[in-house]
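The values are calculated or read from the model by the stated rules, or taken from the named source; none is laboratory data. All of these numbers come straight from a predicted model, not from anything done at the bench. Don't worry about glycine lacking a Cβ; one is built from the backbone with ideal geometry, like all the others, and counts go over all protein chains shown.
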Amino acid sequence: MSNPTLERGETPGPGSRLPWHRNEDYRRMFSLLMVGLVVALMTGPSGNRDHPTDGFTGSWFHPRVLLFLGAAAAIGVLMTLYDRSKGAGRRNPLQPVIAPITAVRDRMTSQPLLRYSVYAAILVFAVLYPMTLTPFWQRVLVDQIGVYVLLALGLNIVVGLAGLLDLGYIAFFAIGAYTTAYFTGKLPVAPPFTLNPFEVVPIAILATLVAGVLLGGPTLRLRGDYLAIVTLGFGEIVRILAVNGDAFFGTNVTNGPRGAVGIPHPSIHAFGINYDWTLKSLPYYYLLLVLVVGLLIAFNRLENSRVGRAWTAIREDEVAAAASGVPTVKYKLMAFAIGASTSGFAGVLYASKVGFISPDNFLLLFSLLVVTMVIFGGMGSLPGVVLGAAVLQWMPQVLRGKVPPEDRYIYFGALLILMMIFRPQGLLPSRRRSRELKLSEEGLGGADSLGATPGTTS
Amino acid sequence: MSAQPVASTAATPNDLVLDVRDITLRFGGLTSLDKVSLTHTRGEVLSVIGPNGAGKTSLFNCLTGVYFPQEGEVRFYPEAGVERSVLGRKPYAVNRLGIARTFQNIRLFNALTALENVKIGIESRQKTGPIGAMLHMPWNRREERESDAEAFRLLEFVGLTKRANEVSSSLPYGDQRRLEIARALGTRPQLLLLDEPAAGTNPAEKRQLEVLIRAIAETGISVLLIEHDMKLVMSVATNVVVLNFGQVIASGTPKEIQRDPSVVEAYLGSGDEADSAAVPRKAAKKAPAKQPPATRTED
């Protein structure tokens, strides 16, 4: 939690003649103690109009503050000791954890046997482990983690591969979910025919594909921040349409803020297989697992194909990509459409699993959450994105009941901040992306971590 | 200079690969190109020279769809008898026509390997779409193999076989220049536009480049070359066009250009202290030729 800029420049050792207030160990300790005070204040009681000082008396002038100051001091001492033990250079404290993983990953590329055995081990674990969980965690695994893994995989194509920052991504999720509600007959307007959620999948994919192209067509000539703002606006338009759709030219289309209730579970009655998904989470989990594995294989091939390389080229240098014959707008649109349809697909599954959707499921917050997952896991890296989505959805559930509900986002924020300090490239970064980040630190590549190259024209 | 090709005679229209007619490019009140015309005969190396700010790179940008000149026409003949207009097409579409380019300041895909850089150029001519890539059908795999083979062939052609799997930004400067040429060649151009390929390279790299440009021209690809290094220009160019203040002030064979008084004046100015390195005639005898100090300020 120390400010890394304090540690750059001169590094006074133990025998340094610098005055104590310029010694970096003391400076770090000071910052940490300040952070401790802030955390004490934030987690303490809040004042009110009659007793405005309650916030302070309950936190800073309460024995509780010693806990936070003590923790800050302990962290400071540990960091100092760690620095001393490693000599002068600042090292990444996560290195011992990461090094073996990196080593395995490096060997995996050259040794197919190792690669497939690692995949098989992960798959066996993913199949068997959820059986041992309580129904609560099985539900978390599907409703929270599984659906968001799908979302993050889709957004990874847009943000991680093509380098387009999409802040309205959840809109496609909403379109998928509302399409399901419509075709299962759970919206006030009656569909021409009612379908099973499985049969809605192709329609929802098509609808989100079209929505993605409609949004992308006019906006994809924008770059970076501008694109982000337009997509953010699009996300809000879709949500507000859903909220106000109960009086859409006089007819109730979306049922407004009350949303759609009673969306049926999917079922299969074909090819001699008869199976109905019910309220139980585990069958949904296996359905999602099959889909995620399928998407992982497909997206991995996509990334290492002509299309994936074209996306990388556009992300790195759009002008050079165009000069090399890559139709940039077409490829950006393609990335947008693939991401959107993955999101719509996730929307169908979510709607039919939970059975209830309302505009509150599609807030801007969730768009940002998916972007955070992609960055947290490692942009452009499939295992990273899956892990990022899983960790970020798992953490609030772990904290549930252990910390006051209003404090949960503090821990969430702290995790993200720590991550940005010690591992800005994400948990399991893609090789191309880490190279880009390194190059931009050296001033060679795009300074923007999303891959926009400054100074490019047209 | 003994290897000087025989000066080409007046080209018949059928031999042309590029026909630029009276293009005028203005940025507000500034006229960057003023009625520039030039013709490029198929298979030859045409060099565009001129002092800094003369409009050479602007001309390149007009030819590749980056800028749209207000007046004039650019005709491109992918093969004899087929005429295509270049103006009004987007950069990737110009590339599709068969005009590939390199950049004055190297623009490689820095985080990709040398091989991947070349493959991006090659694959702009392939068909595999996203669905095909995901399904990985046999014909998609065949395209992938073709792309690999072609990329290795091109890397060998420019002499970078050993560096195929190195990250492009870690390559030495001269290798990056040649990699950019390989990427451009990957798009199977009829006309290759090289924007100062020798800038910033050392004498050994310049000699390699000279050999490379000749080899490219021998494969039948026409080369349009912007270059400050007069030794290189005089040794590889079949014809030379001189630009100054956005106008063509001279054109002809390298020998004619060296003797042209207006060219000498354009480079020296009248009465200026001579920067002898910039004079084509003298530079041709001196090796390596140095660029005028202000060269790098041009963009």
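Might you let me know whether the range B:115-136 holds any residue that is outside the structural domain of B:ILE23 (by TED's automatic domain parsing), more than 20 Å from A:VAL329 (Cα to Cα) and among the small types (Gly, Ala, Ser)?
no
Residues to consider are B:ILE181, B:ILE216; find the one that is in the same structural domain as B:ALA80 (by TED's automatic domain parsing) and under 12 Å from the mean Cα position of the chain (by Cα).
Details: B:ILE181 fails: in the same structural domain as B:ALA80 (by TED's automatic domain parsing).
The unique qualifying residue is B:ILE216.
Working only within the range B:109-148, note down all residues that are at the interface with chain A (Cβ under 7 Å from one of its Cβ atoms), aliphatic (A, V, I, L, M) and out of contact with any strand residue (DSSP E or B) (no Cβ under 8 Å at 6 or more places or on another chain).
Once the filter is applied, which keeps residues that are at the interface with chain A (Cβ under 7 Å from one of its Cβ atoms), aliphatic (A, V, I, L, M) and out of contact with any strand residue (DSSP E or B) (no Cβ under 8 Å at 6 or more places or on another chain), the range B:109-148 yields B:ILE120, B:ALA133, B:MET134.
Quick test for you: out of B:ILE122, B:ILE99, pick the one residue that is touching a Phe, Trp or Tyr at 6+ places or on another chain (Cβ under 9 Å) and either more than 27 Å from B:LEU160 (Cα to Cα) or of a type outside the set (S, T, N, Q) (or both).
Working: B:ILE122 fails: touching a Phe, Trp or Tyr at 6+ places or on another chain (Cβ under 9 Å).
Every option except B:ILE99 fails the conditions.
Among the candidates A:PHE249, A:PHE234, single out the residue that is surrounded by 12 or more Cβ atoms within 10 Å (Cβ to Cβ) and under 26 Å from A:LEU187 (Cβ atoms).
On the way: A:PHE249 fails: surrounded by 12 or more Cβ atoms within 10 Å (Cβ to Cβ).
Of the residues listed, the single one that is surrounded by 12 or more Cβ atoms within 10 Å (Cβ to Cβ) and under 26 Å from A:LEU187 (Cβ atoms) is A:PHE234.
Of (1) farther than 30 Å from A:VAL348 by Cβ; (2) surrounded by 11 or more Cβ atoms within 10 Å (Cβ to Cβ), A:VAL142 satisfies all except one. Which?
(1)
Name the residue that is nearest to B:LYS119 (Cα to Cα), counting only residues in the range A:306-330 that are hydroxyl-bearing (Ser, Thr, Tyr) and buried (at least 24 other Cβ atoms within 10 Å of the Cβ). First the steps, then the outcome.
Of the range A:306-330, the ones hydroxyl-bearing (Ser, Thr, Tyr) are A:312, A:324, A:328.
Those left that are additionally buried (at least 24 other Cβ atoms within 10 Å of the Cβ): A:312, A:324.
On the way: A:THR312: 12, A:SER324: 10 Å.
Among those that are hydroxyl-bearing (Ser, Thr, Tyr) and buried (at least 24 other Cβ atoms within 10 Å of the Cβ), it is A:SER324.
How do the strands (runs of 3 or more DSSP E) wholly within the range B:23-89 filter down when requiring 1 or more residues that are on the phi > 0 side of the Ramachandran plot and assigned by TED's automatic domain parsing to the domain that holds B:ILE257: which remain?
B:30-41, B:71-76
What's the total number of residues in the range A:234-289 that are of a type in the set (A, V, I, L, M) and closer than 17 Å to A:VAL354 by Cβ? Please lay out each step first, then the result.
Initial filter on the range A:234-289 (of a type in the set (A, V, I, L, M)): A:237-238, A:240-243, A:247, A:253, A:260-261, A:263, A:268, A:270, A:273, A:279, A:282, A:287-289.
Restricting the remaining residues to those that are closer than 17 Å to A:VAL354 by Cβ gives A:242, A:260-261, A:263, A:279, A:282, A:287-288.
Here the count works out to 8.
Could you please let me know if B:LYS162 is among the basic types (Lys, Arg) and facing another protein chain (nearest Cβ under 9 Å)?
Values: among the basic types (Lys, Arg): yes; facing another protein chain (nearest Cβ under 9 Å): no.
Criteria not met by B:LYS162.
Within the range A:322-356, restricting attention to residues that are within 14 Å of chain B (Cβ to nearest Cβ), assigned to a helix (DSSP H, G or I) and in contact with a Ser or Thr (Cβ under 6 Å, 6 or more places away or on another chain), which residue is farthest from A:ILE203 (Cα to Cα)?
Taking the candidates together, the pick is A:ALA322.
In the range A:282-307, what residues are within 7 Å of chain B (Cβ to nearest Cβ) and farther than 21 Å from B:GLY98 by Cβ? Show your work before the answer.
Here is the first cut: in the range A:282-307, the ones within 7 Å of chain B (Cβ to nearest Cβ) are A:298, A:301-302, A:305-307.
Matches in the range A:282-307: A:ALA298, A:ARG301, A:LEU302, A:SER305, A:VAL307.
Quick one: which residue in A:PRO266, A:PRO257 is touching a residue at least 40 places away in the same chain (Cβ under 8 Å) and either outside the structural domain of A:ALA171 (by TED's automatic domain parsing) or surrounded by fewer than 14 Cβ atoms within 10 Å (Cβ to Cβ) (or both)? Give the steps one after another, and end with the answer.
Values: A:PRO266 fails: either outside the structural domain of A:ALA171 (by TED's automatic domain parsing) or surrounded by fewer than 14 Cβ atoms within 10 Å (Cβ to Cβ) (or both).
Unique residue meeting the criteria: A:PRO257.
Of the residues B:GLY55, B:GLY65, which single one is within 15 Å of the chain's Cα centre (by Cα), touching a residue at least 24 places away in the same chain (Cβ under 8 Å) and away from chain A (no Cβ under 14 Å)?
Selected residue: B:GLY55, the only one of B:GLY55, B:GLY65 that is within 15 Å of the chain's Cα centre (by Cα), touching a residue at least 24 places away in the same chain (Cβ under 8 Å) and away from chain A (no Cβ under 14 Å).
If A:GLY217 passes every condition in (1) assigned to a helix (DSSP H, G or I); (2) in contact (Cβ under 8 Å) with a residue 12 or more places away in the chain; (3) surrounded by 15 or more Cβ atoms within 10 Å (Cβ to Cβ) but one, which one does it miss?
(3)
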